[in-house]
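J.: Got a structure for you, questions after.
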Amino acid sequence: MENTLVIVSIIGGIIGTITGVLGLTFTVISNKRNAQEKVEERERHARELEIEKQEKARSDRLIFLADRIFDSTIPRELRLPFYEEYISMKGNGTAVRFWLLEGEREKKLLQPT
């Protein structure tokens, strides 16, 4: 009877040890996976922030250029570099239409009638 109890205790100990080791192994693997996911999420977030930063810088630059294009207190020939940069940055819309319409008005004013 004692031998049976010893054998059952040993088998129970072995099973408990194996269960503990497996549990610890799964915990370590899960923690590593979670840590890796957190690192990847931080990297993804950092990239998204960098993209947003670049988009904002581009948008701010286009706004600045458009402001110079619309500023009729500056002679047209001095505003030309702003217009060219605006176009090179794929700017479009009102500033471009304004520039073209202003150019047409100046041509009409300079033409003798």
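J.: Of (1) touching a residue at least 24 places away in the same chain (Cβ under 8 Å); (2) farther than 19 Å from residue 105 by Cβ, residue 56 satisfies all except one. Which?
T.: Of (1) touching a residue at least 24 places away in the same chain (Cβ under 8 Å); (2) farther than 19 Å from residue 105 by Cβ, only one is false for residue 56: (1).
J.: Of these, 56, 38, which one is of a type in the set (Lys, Arg), surrounded by 10 or more Cβ atoms within 10 Å (Cβ to Cβ), modelled with pLDDT of 95 or more and closer than 30 Å to residue 96 by Cα?
T.: 56
J.: Now for a separate question. Identify the single condition in (1) exposed (fewer than 10 other Cβ atoms within 10 Å of the Cβ); (2) more than 35 Å from the chain's Cα centre (by Cα) that residue 88 does not satisfy, given that it satisfies every other one.
T.: Of the numbered conditions (1) exposed (fewer than 10 other Cβ atoms within 10 Å of the Cβ); (2) more than 35 Å from the chain's Cα centre (by Cα), the odd one out for residue 88 is (2).
J.: Let me ask you something else. For the condition closer than 30 Å to residue 94 by Cα and in a helix (DSSP H, G or I), what is the one hit in 61, 47?
T.: 61
J.: In the set 19, 73, which member is in a helix (DSSP H, G or I) and among the hydroxyl-bearing types (Ser, Thr, Tyr)?
T.: Answer to the selection: 19.
J.: Somewhere in the range 5-22, is a residue in contact with a Lys or Arg (Cβ under 9 Å, 6 or more places away or on another chain), at pLDDT below 95 and among the hydroxyl-bearing types (Ser, Thr, Tyr)?
T.: Within the range 5-22, not a single residue is in contact with a Lys or Arg (Cβ under 9 Å, 6 or more places away or on another chain), at pLDDT below 95 and among the hydroxyl-bearing types (Ser, Thr, Tyr).
The values are calculated or read from the model by the stated rules, or taken from the named source; none is laboratory data. Bear in mind that the values here come from a model prediction, so they are computed numbers and not experimental data. Note that each Cβ is placed from the backbone with ideal geometry, even for glycine, and that neighbours are counted across all protein chains shown.
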